[in-house]
1. Residues of segment A:247-277 with accessible area at least 40 Å² lower in the all-protein-chain context than alone (1.4 Å probe)?
2. Say R0 is 22 Å: what FRET efficiency, to the nearest 0.05, do B:K51 and B:F77 get from their beta-carbon distance?
3. Give me a comma-separated list of calculated 3J(HN,Hα) values for segment B:27-41, in order, Karplus coefficients 6.51, -1.76, 1.60 applied at θ = phi - 60°, integers in Hz, x for any Gly or Pro.
4. Does chain B come out rounded, prolate or oblate, given a ≥ b ≥ c as the square roots of the eigenvalues of its C-alpha gyration tensor, rounded meaning a/c under 1.5 and, failing that, prolate meaning a/b above b/c?
5. A 25 angstrom limit on the alpha carbon distance is what I want to check against. Which of B:K87/B:K123; B:K33/B:K53; A:K65/B:K31; B:K61/B:K146; A:K5/A:K116 exceed it?
6. Taking θ as phi - 60°, what are the ³J(HN,Hα) couplings along segment A:309-315 by the Karplus curve (6.51, -1.76, 1.60), each to the nearest whole Hz, with x for Gly and Pro?
7. Assigning unit charges at the beta carbon (Lys, Arg +1; Asp, Glu -1) and nothing else, what dipole magnitude in debye, to the nearest 20, does segment B:39-167 show about its Cα centre?
8. With a/c under 1.5 counting as rounded, go ahead and sort the protein assembly as shown into rounded, prolate or oblate using the C-alpha gyration tensor (a ≥ b ≥ c being the square roots of the eigenvalues; past the cut-off, prolate if a/b is larger than b/c, else oblate).
Amino acid sequence: MFGKKRVAIVGAGLTLFRRRLKETGKELSYEASKMALDAAGMELRDMQSVVLGTAPDAFDGVHMKGEYLADGAGAYRKPYTRVFVGGGTGVFTPLAGWWHVASGQFDSCLVVAEEKMSSCYPHPQYAFTTIFDPILERPLGMNLIWIFALEMHRYMHKHGIKKEDIARVSVKNKGNALDHPCAQLGAKITVEDVLNSEVMAWPVQRLDVSPTSDGGAALVLVSEDVAKEITDDPVWIDGAGWCIDSTLWTNRDLYYPDYVECAARMAYKMAGIKNPPKEIDLAEPYDPFDYKELHHMEGLLLCKKGEAPKLTAEGVTQRDGDLPINPSGGLLGVGNPIAAAGLMKVCEIFWQLRGEAGKRQIPGDPRTGLAQAWGDLMQYGSVIVLRR
Amino acid sequence: MSEKIKDYRGEALKSADFKEGRVPTEKCRPKAKFAWSAGIAIGRFLEELKKGKIIASTCSKCGRIMVPPRIYCENCFKPTDGWKYVKDTGTINTYSVSYLAADASRLKEPILVAIIDLDGASKNMGLIHKLGEVDKDEIKFGMKVKAVWKPKEERVGAITDIKYFKPIKEATP
Ligand SMILES: [Zn+2]
């Protein structure tokens, strides 16, 4: 294994996710980091390095966000890196933390993710318009929802999927989030509620979409030697994968995320996983939109292309199903402070594998879990596999 | 959240608290403006749009005819080595009926938006643009469409020199 060291997660922290929090980004970073350190029984002085993930600076209007947030993330006078790969940031941040420790350079790394979207007003949506190509796309009046609508429609067309097949994901995830103490949008809703909600950009309707949010999340990573000293219950990072496709997003068939498959194959190879649906006990694929959960299940090779809606209808992806998907409630239910939302998924796998997820705990004895995030212009995938 | 953790942090604010100044805030509108060079490949593309033509660049190694054009093939990582006009007709790859403007405000009349695979370009070489002269309920996947250009004197060398794409009526035999 190229002399790589095994890396353990030994603590996790999370703030409330809300449309608008009073705390600043620095304060949210601090609260999440402190909680993760307390959970690990460690102090900031035990952390040899810090990695922070946060998504577009445009939300904050502070264009040196990594530096701006550093103190809250515990990076004061430490080796520090800010990483940013769009919506994929939340799962990429612990991957960057992983290589800090796996390389042998550090025995510990504090991994922090923060997003405060509410600073951009009247709606953070407007900050997203600056992700598009300034010459060919922005003059058309691009809206972020368009790219999802175009991708969702193509996916539906290719496999003959109906809106109600997709709406079940929103119903499940918002329902799961009722058991999450940090959740912004936990709710008991029906397929009809989704189908009757406001049409934003057909086929995307209001209840197909996750909210904008403020929030923070953190993890404590340590080397195998340190883990054995401080805990009987480490969770290991056994798979890491990431991949990007071209920014020319209209030059590929959007029905399938090849770059997610590429990232998943990299992580599975490292983890020695040959048959993902059999060997993975639960997964938290990225679900900023309900169809995205299905799209990503397929890209992660958890089922065949076009088969994810069927598994969802059969209840396979419920918490008590054979392959629980987004038991946390996901972005649709817990909320979507972008980088923090991705890291929330890794926190959930960590708590599920340790049997600490309380009302959300999936039955059985889960040993292997996966989290995935997605981002940029239908372009980026990041995948982490955890084991205990 | 772990069941071991009882106190989770965060103080939610209502929009009204914020808007009506019940909590301290500071506001600012940055005055930065931007002007982009269209570059070598897209610069040529825009000049051709002004003439009412759509141009692709080609790679002799992988054989692709690429729209939008580029000066390097990202696949072969070598310079593209040709230019080729493609047609201003194509096929709807996917589409949406949008009631959202760029700032997320709501529209009464929807914007019809599509990815159009252009005739004469390689597979999946789509361009995003608007649709017009069609009812939202008549749009279909695989529908043949043709560019509707602005009058010559109004074209400035911009993607909006094409007003929109409209369905090609079935030719009567
Ligand atoms: Zn080539």
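1. A:L248, A:T250, A:N251
2. 0.10
3. Each residue's phi maps through the Karplus curve to give 10, 7, 10, x, 9, 5, 10, 10, 9, 9, 6, 6, x, 6, 6 Hz.
4. Verdict is prolate for chain B.
5. Cα-Cα > 25 Å for B:K33/B:K53; B:K61/B:K146; A:K5/A:K116; rest within.
6. x, 5, 4, 5, 4, 7, x
7. I would put it at about 320 debye.
8. Prolate shape, in that a/c is at least 1.5 and a/b is the bigger ratio.
The values are calculated or read from the model by the stated rules, or taken from the named source; none is laboratory data. What you see is a predicted model, and the numbers here were worked out from it, not measured in a lab. Virtual Cβ from ideal backbone geometry, glycine too; neighbours counted across all protein chains shown. Just the protein is used for accessible areas: all its heavy atoms, side chains included, with ligands, DNA and RNA removed. Shrake-Rupley method; radii C 1.70, N 1.55, O 1.52, S 1.80 Å.
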